[in-house]
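Asker: Input: one structure, supplied below.
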Amino acid sequence: MIWIVRVATVLTIIGGVNWGLVGAFEFNLVDAIFGEGSVVSRVIYVVVGISALVTIANLGLSGKARSAEDV
């Protein structure tokens with residue numbers, strides 16, 4: 001299960017870097033590689049979005065585990 005969290009974290013970081021490129025330089029790396037609005041680009045965006053949700057869930061779980069240990 002930990003490999004899922006690691007992959008999700010890496011994909012979330014890659015997505016963040018892509019958004020940084022969009023914000024700073026108006027350059028979308030995913031669209032540049034796979035084509036603007038292509039099916040592959042859309043799939044990548046969905047996978048990165050799911051990865052962000054997994055990362056958020058992991059943060060929530062790790063926070064609960066820490067608070068239980070503190071008690």
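The values are calculated or read from the model by the stated rules, or taken from the named source; none is laboratory data. Quick caveat, the model's predicted, so the values are computed rather than measured. Note: ideal-geometry Cβ built from the backbone for every residue, glycine included; neighbour counts use all protein chains shown.
Asker: Please go through segment 1-21 and give me each residue that is loosely packed, with under 14 Cβ neighbours inside 10 Å and part of a helix (DSSP H, G or I), ordered by number.
Answerer: Across segment 1-21, the qualifying residues are Ile2, Trp3, Ile4, Arg6, Val7, Val10, Ile13, Gly16, Val17, Trp19, Gly20.
Asker: What are the pairs with Cβ atoms under 9 angstrom where one residue, in segment 24-45, is closer than 15 Å to Thr12 by Cα and the other, located anywhere, is outside any loop (DSSP other than H, G, I, E, B) and among the hydroxyl-bearing types (Ser, Thr, Tyr)? Sequence gap at least six, or different chains.
Answerer: Val30/Ser41; Val30/Tyr45
Asker: Those residues that are loosely packed, with under 15 Cβ neighbours inside 10 Å, of a type in the set (Gly, Ala, Ser), assigned to a helix (DSSP H, G or I) and at pLDDT 95 or above, I need them from segment 22-58; list them, please.
Answerer: Gly23, Ala24, Ala32, Gly49
Asker: Another one. Those residues that are farther than 22 Å from Asn58 by Cβ and among the aromatic types (Phe, Trp, Tyr), I need them from segment 2-41; list them, please.
Answerer: If the condition is that a residue be farther than 22 Å from Asn58 by Cβ and among the aromatic types (Phe, Trp, Tyr), then Phe25, Phe27, Phe34 are the ones that fit.
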